[in-house]
Amino acid sequence: MSLKIHNNNLPFSEMESAIDTVLESLIKAEGVKGVLVADAHGLCIGARGIANPNCAGFVTAIATHAKALSDDPSSQVPTTKIEADNSIILIYNDGNHTLAVFK
């Protein structure tokens, strides 16, 4: 899973457009019910489908704590999978943004 939306050279409107493009392409993927992107501080940048923007801080905290569980600091950032009775949430953090995909 890769999240490539961070570019300090883009004007805000273009960056917002890039995020919208990523969210729209993800929400159209088979089996995806919702997507959420948060910044490094846990603030919601964008959400689609069943993803609740108010959960952005929780999603970011889960990703941060999952990374802290790794014994090897040079290892890749883990993808966290949360399974419930009728859904799965995949959470990935690239250091700048956190992505949650609800299936």
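For the reader, a short list of remarks on this structure follows.
- With respect to the stated conditions, I62 fails to be in contact with a strand residue (DSSP E or B) (Cβ under 9 Å, 6 or more places away or on another chain), closer than 13 Å to G34 by Cβ and of a type outside the set (D, E).
- Applying the condition of being touching a Phe, Trp or Tyr at 6+ places or on another chain (Cβ under 9 Å), at pLDDT below 95 and not small (G, A, S) to segment 1-46 and asking which residue is farthest from L99 (Cα to Cα) yields M1.
- Subset of segment 68-96 that is of a type in the set (G, A, S) and in contact (Cβ under 8 Å) with a residue 24 or more places away in the chain - its residue that is farthest from N52 (Cα to Cα): G95
- Check on L99, surrounded by 18 or more Cβ atoms within 10 Å (Cβ to Cβ), part of a strand (DSSP E or B) and touching a residue at least 40 places away in the same chain (Cβ under 8 Å): yes
- Test: residue in segment 52-63 that is in contact with a helix residue (DSSP H, G or I) (Cβ under 9 Å, 6 or more places away or on another chain), farther than 14 Å from N93 by Cβ and surrounded by 16 or more Cβ atoms within 10 Å (Cβ to Cβ): no
- Conditions (1) touching a helix residue (DSSP H, G or I) at 6+ places or on another chain (Cβ under 7 Å); (2) part of a strand (DSSP E or B); (3) modelled with pLDDT of 95 or more; (4) aliphatic (A, V, I, L, M): number failed by L90: (1)
- Selection of segment 17-59 for residues being in contact with a strand residue (DSSP E or B) (Cβ under 8 Å, 6 or more places away or on another chain), assigned to a loop (DSSP other than H, G, I, E, B) and charged (D, E, K, R) yields only K33.
The values are calculated or read from the model by the stated rules, or taken from the named source; none is laboratory data. No experiment lies behind these values; they were computed from the predicted model shown. Glycine gets a Cβ as well: all are built from the backbone with ideal geometry, and neighbour counts include every protein chain shown.
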